[in-house]
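Worksheet: the structure to be examined is printed underneath.
The values are calculated or read from the model by the stated rules, or taken from the named source; none is laboratory data. This is a predicted model, so every value here is computed, not measured. Methodologically, a virtual Cβ is constructed for each residue, glycine included, from the backbone with ideal geometry; neighbour enumeration extends over all protein chains shown.
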Amino acid sequence: MSEPLLQAVNLECERDERLLFQNLSFSVMPGTVTRIEGPNGTGKTTLLRILAGLNDAWSGELLWCGEPRAWHRESFLRNMLYLGHRPGIKPLLTPMENLRALMAGRRTVSDDILSQALAGTGLAGFENVPCRNLSAGQQRRVALARLLIADEPLWLLDEVFTAIDADGVKAIEELLQQRAAEGGAVLVTTHHDLQLPGMKRITLGGGQSYEC
Amino acid sequence: MNAESRPALKPVESAIGPVQAMVAVFMRDVRVAFRQRQDLLNPLLFFIMVVTLFPLGVSPEVAFLKQSGAGILWVAALLSVLLSLDHLFRHDFDDGTLEQLILQPQPLFLLILAKTLAHWILTGLPLVLLTPVLGIMVHLDGNSVAILCLTLLIGTPVLSLIGAIGAALTLGLRSAGVLLSLLIIPLYIPVLIFGTGTVAAAAEGAPVAGYLALMGAFLVLALTLAPFAAAAALRISMSNS
């Protein structure tokens, strides 16, 4: 068996005096797609932000390749891609400029590859239109173009299917599956009925509501 | 499925170096600012308005303006930097680019330093460049104008750097404006006192090297400490959102 990429041990998080989850333990193995599910307000996004390192209000242990994540901040950030609810797209910049800026801190990518990625998400011809003139779905697609060129082994995706049309949803599903086949690990939260062969689940909430 | 072995993690060394990442952050901020020029003009117009309204409201007499001109310009510059601070992280926070910035593998304080530098070049530096014109308007003599420009050149980056801490701390709050001012103004006061003090000393013919050295010390202190504080504050704000 291979080693888990990311491991959560007894994770506990409280938000606004409300216990979101406790004793939450799971492992994220390479080559898997894991869906985090649960009704609204059960902490799916919070869990993903905790895993990404954007939220520090938690207790428990997070292991990156078997060692505490805090010891390997740089290695973790270098090998993790987080796509949040807010897509990280500047409305005033064009898709090309946005993508270039988002990749700039990670690795050098030629403009050809960037425009191929944009074309791959159906944005060919929109490369030089300011993003505020694009539709909500198109703006999300700019962020999704990163997935086509991402080389990070761990993806944390928050509500990737929001505002995406049916064809786009199918394309993303295929992409996630292909990613898992290549040995990448994907964690995804969604309200879309995602069904992939071999998909794992983390269910939050579970009908209980914790009250403090 | 290729789950037998873990895919090789990419070594940290393969990431983009901090300097290159800082340049990218800086360039993006400058580009965004030039797409929205009215935001660039706002602090400048405010600066010009305050300085021109003062003689009209108080006294247009040469003696009064000579004495208080430097103070007026400094206060106006300080307030106009304060006005522009809320934008430093706010837009990035709203559209999610700040999350991506925090998740870059490079040290966060360096990226924030790049952002703050962009903020200073876009708001502080134009104020300094405008100062000679407004200085002459309030009857300051040539020597005073030169010293005033120098103090603002050293002082406005300090204002941007200290302001970055406040902007980062108040990021998650709904009505951040008042709190931001309350937090930041006390820290601005020493800069203001020494900034105007330098010009006053120069007008009396006293040596100003000591004043300027102190202002330089403020700048070095802010440059070395403020980015760390702002980075920590950003993480806290991000955790609470």
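Remarks
- Among the residues of region A:105-132, those identified as over 27 Å from A:Val28 (Cβ atoms) and facing chain B (nearest Cβ under 10 Å) are A:Thr108, A:Pro130, A:Cys131, A:Arg132.
- In the condition set (1) within 13 Å of chain B (Cβ to nearest Cβ); (2) within 16 Å of A:Leu187 (Cα to Cα); (3) charged (D, E, K, R), A:Lys44 is compliant with all but (1).
- If you go through region B:98-132 and keep only what is polar (S, T, N, Q) and in contact (Cβ under 8 Å) with a residue 40 or more places away in the chain, you end up with B:Gln104, B:Gln106, B:Thr116, B:Thr123, B:Thr131.
- Checking every residue in region A:189-204 against the condition of being free of Cβ contacts under 8 Å to residues at least 12 places away in the same chain, within 14 Å of another protein chain (Cβ to nearest Cβ) and either of a type in the set (S, T, N, Q) or assigned to a helix (DSSP H, G or I) (or both) gives zero matches.
- Candidates B:Gly172, B:Gly135, filtered to the one that is outside any helix (DSSP H, G or I), over 13 Å from the mean Cα position of the chain (by Cα) and in contact (Cβ under 8 Å) with a residue 12 or more places away in the chain: B:Gly172
- Considering region A:89-120, and only residues there that are among the β-branched types (Val, Ile, Thr) and at pLDDT below 90, the residue that is farthest from A:Phe161 (Cα to Cα) turns out to be A:Thr108.
- Filtering region A:163-173 for residues that are assigned to a loop (DSSP other than H, G, I, E, B) and touching a residue at least 60 places away in the same chain (Cβ under 8 Å) leaves an empty set.
- Of the criteria (1) within 14 Å of chain A (Cβ to nearest Cβ); (2) not in a helix (DSSP H, G or I), which one B:Glu99 fails: (2)
- When region A:50-74 is filtered for residues that are under 17 Å from the mean Cα position of the chain (by Cα) and of a type outside the set (A, V, I, L, M, F, W, C), the ones remaining, listed by number, are A:Gly53, A:Asn55.
- When B:Ala222 is tested against the conditions (1) surrounded by fewer than 20 Cβ atoms within 10 Å (Cβ to Cβ); (2) more than 14 Å from chain A (Cβ to nearest Cβ); (3) not acidic (Asp, Glu), the lone failure is (1).
- Selection status of B:Leu214, over 11 Å from the mean Cα position of the chain (by Cα) and either of a type in the set (A, V, I, L, M, F, W, C) or at pLDDT 95 or above (or both): yes
- Some residue of region A:21-29 being within 14 Å of chain B (Cβ to nearest Cβ) and out of contact with any Pro (no Cβ under 8 Å at 6 or more places or on another chain): no
- Within the option set B:Ser68, B:Ser59, being outside any helix (DSSP H, G or I) and either over 21 Å from B:Leu161 (Cα atoms) or within 14 Å of chain A (Cβ to nearest Cβ) (or both) holds for one residue only, B:Ser59.
Condition check ((1) at pLDDT 90 or above; (2) within 14 Å of chain B (Cβ to nearest Cβ); (3) touching a His at 6+ places or on another chain (Cβ under 7 Å); (4) crowded, with 18+ Cβ neighbours inside 10 Å) across all residues:
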| site | (1), (2), (3), (4) |
| --- | --- |
| A:Glu14 | no, yes, no, no |
| A:Arg18 | no, no, no, no |
| A:Leu51 | yes, yes, no, yes |
| A:Trp64 | yes, yes, yes, yes |
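- Region A:81-94, residues that are surrounded by 20 or more Cβ atoms within 10 Å (Cβ to Cβ), closer than 15 Å to B:Gln100 by Cβ and more than 7 Å from chain B (Cβ to nearest Cβ): A:Leu81, A:Leu83
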